[in-house]
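Peer 1: Before we start, here is the structure in question, set down as structure tokens.
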Amino acid sequence: GDSVTQMEGPVTLSEEAFLTINCTYTATGYPSLFWYVQYPGEGLQLLLKATKADDKGSNKGFEATYRKETTSFHLEKGSVQVSDSAVYFCALTQSNSGYALNFGKGTSLLVTP
Amino acid sequence: DAMVIQNPRYQVTQFGKPVTLSCSQTLNHNVMYWYQQKSSQAPKLLFHYYDKDFNNEADTPDNFQSRRPNTSFCFLDIRSPGLGDAAMYLCAIGEGDRPGVASRPQHFGDGTRLSIL
């Protein structure tokens, strides 16, 4: 079945450091890929998405590119802020057979001043 | 303004005492989902409604039921909560062009954190 694998956390960075959170997937067909962010005590917020190969999703300085050849969707940000501290979930959904989000286990990010 | 509203934010119930969590939406999306998220884990889909059609995940315990009286509201009923049901329950909405297909990403509420005494 479909699955998403994220790098293990927690990840601790200093403010203004470069961020990469790796995400790879296994899926048949042509999934859509998402990054969701969850701040402490809150629900999930959609951060960015990509629906086909080579698409780049971007939002709030975060970017991720849908790489079909490497089945990856790594999240990057050039300069993190303390306010970016949260848990980040990579997820996929199948446009032709799925309706649920299939999440990775989440990566906790802590940014220190 | 919030698109998905979950009440209450925090719910405490006793072991075995039925509890109902509620979710409402302001966008009239035709799909509503319930996820369970245990501490430090990814959300796990319990079931979803496509319009009035109920779709249960194969591994969702019978203890969990859901109702959707109209487009805007959806309820999660836990008939006899056990200690293992303590979790954050997330409601999400989405749009589907046909049953089983989600055409747009889901929007989540802030969740209800359920504690079992």
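The values are calculated or read from the model by the stated rules, or taken from the named source; none is laboratory data. Predicted, not measured: the structure shown is a model, and the values here were computed from it. Every residue, glycine among them, receives a Cβ derived from its backbone with ideal geometry; neighbour counts consider all protein chains shown.
Peer 1: I'm trying to understand the selection: among the residues of the range A:75-94, which are of a type in the set (A, V, I, L, M, F, W, C) and within 14 Å of chain B (Cβ to nearest Cβ)?
Peer 2: A:Ala86, A:Val87, A:Phe89, A:Cys90, A:Ala91, A:Leu92
Peer 1: When B:Pro105 is evaluated against the numbered criteria (1) out of contact with any strand residue (DSSP E or B) (no Cβ under 9 Å at 6 or more places or on another chain); (2) modelled with pLDDT under 85, which criterion, by number, is the only one it fails?
Peer 2: Of (1) out of contact with any strand residue (DSSP E or B) (no Cβ under 9 Å at 6 or more places or on another chain); (2) modelled with pLDDT under 85, only one is false for B:Pro105: (1).
Peer 1: Restricted to the range A:31-75, and to residues that are in a loop (DSSP other than H, G, I, E, B), touching a strand residue (DSSP E or B) at 6+ places or on another chain (Cβ under 6 Å) and without any contact (Cβ under 8 Å) to a residue 40 or more places away in the chain, which residue is farthest from B:Ala42 (Cα to Cα)?
Peer 2: Of everything passing the filter in the range A:31-75, A:Gly61 is farthest from B:Ala42 (Cα to Cα).
Peer 1: Restrict the check to the range B:42-62 and report whether at least one residue is away from chain A (no Cβ under 11 Å) and among the hydrophobic types (A, V, I, L, M, F, W, C).
Peer 2: The answer is yes; a qualifying residue exists.
Peer 1: Sticking with this one: Of all the residues that make up the range A:53-65, how many are of a type outside the set (Gly, Ala, Ser) and within 14 Å of chain B (Cβ to nearest Cβ)?
Peer 2: The number of residues fulfilling the criteria is 2.
Peer 1: Please specify each residue of the range A:76-105 satisfying the condition of being at pLDDT 95 or above and assigned to a loop (DSSP other than H, G, I, E, B).
Peer 2: Those that are at pLDDT 95 or above and assigned to a loop (DSSP other than H, G, I, E, B): A:Gly78, A:Ser79, A:Val80, A:Gln81, A:Ser85.
Peer 1: If you check A:Gln81 against the conditions, is it surrounded by fewer than 21 Cβ atoms within 10 Å (Cβ to Cβ) and over 18 Å from B:Lys44 (Cβ atoms)?
Peer 2: So A:Gln81 fits the description; yes.
Peer 1: On to the next question. If you go through the range B:1-34 one residue at a time, how many are within 13 Å of chain A (Cβ to nearest Cβ), under 11 Å from the mean Cα position of the chain (by Cα) and either assigned to a loop (DSSP other than H, G, I, E, B) or free of Cβ contacts under 8 Å to residues at least 60 places away in the same chain (or both)?
Peer 2: 1
Peer 1: Looking at the range B:63-92, which of the residues that are aliphatic (A, V, I, L, M) and within 14 Å of chain A (Cβ to nearest Cβ) is nearest to A:Leu46 (Cα to Cα)?
Peer 2: B:Ala92
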